[in-house]
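Right, one structure below, let's go through it.
Quick note: the coordinates plus some simple rules give every number you see, no bench work behind them. Everything numeric in this text was worked out from a predicted model, so none of it was measured. No Cβ is skipped: glycine too gets one built from the backbone with ideal geometry, and neighbour counts run over all protein chains shown.
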Amino acid sequence: MNSFDIIKTVRISEKGAMQSEKYNQYTVVADPRANKIEIRKAVEELFKVKVIAVNTSNVTGKARRKRTKHQGREAHWKKAIVSLKEGDKINLT
């Protein structure tokens, strides 16, 4: 897998904005098959920053019901919280 396959997107939320300002941490959606080392290398290559730590968690997709009595499910995904070196920043605009 290359870096573009590993990192899907950067999640932007109120909690993520607070983390980026206060702790210099960013939340990315990663491929579920990727490990912490691959995620670290991909973030460093794509955003040209130095990564200190990577914390990951597998998020279970929510059960949904869309115009039917039968229940479906959203896809499962992997969340990675990436801590950057002091002074490094990912530009999200």
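For the chain, the mean residue ellipticity at 222 nm estimated from helices alone is -7500 deg cm²/dmol, where every DSSP H run of n ≥ 4 contributes -39500 (n - 2.57) and the total is divided by all residues, rounded to the nearest 500. Within the listed set Lys15, Lys78, Lys69, the Gaussian network model of the chain (springs between alpha-carbon atoms below 10 Å) gives the highest mean-square fluctuation for Lys69.
What number, in percent, do you get for the relative contact order of the chain if the mean sequence gap of Cα pairs under 8 Å and at least 6 apart is divided by its residue count? Provide the component values of the computation, followed by the final result.
Details: 155 pairs, mean separation 28.9, N = 93.
Result for the chain is 31 percent.
Across the chain, how large is the tail of the calculated P(r) beyond 23 Å, expressed as a percent of all Cα pairs? In whole percent, the long-distance tail amounts to 29. In this label model, His76 and Phe4 are separated by 2.8 nm, measuring between points 7 Å along each Cα→Cβ vector.
Within the straight-line cut-off of under 24 Å between alpha carbons, the lysines reachable from Lys62 are Lys8, Lys15, Lys78, Lys79, sequence neighbours fewer than 8 places apart in one chain being disregarded. Note on the chain: with a GNM built from Cα contacts shorter than 10 Å, the maximum mean-square fluctuation among Glu21, Glu74, Glu44 falls on Glu74.
Work out how much length Ser83 to Thr56 would gain on full extension: take 0.36 nm times their residue separation and subtract the Cα-Cα distance, in nm to one decimal. Write down the numbers at each step before the final one.
On the way: separation 27, 0.36 × 27 = 9.72 nm, distance 1.15 nm.
Extending this stretch completely gives an extra 8.6 nm.
For the residues Ala42, Ala53, Ala75, a GNM of the chain with alpha-carbon springs under 10 Å puts the largest fluctuation on Ala75.
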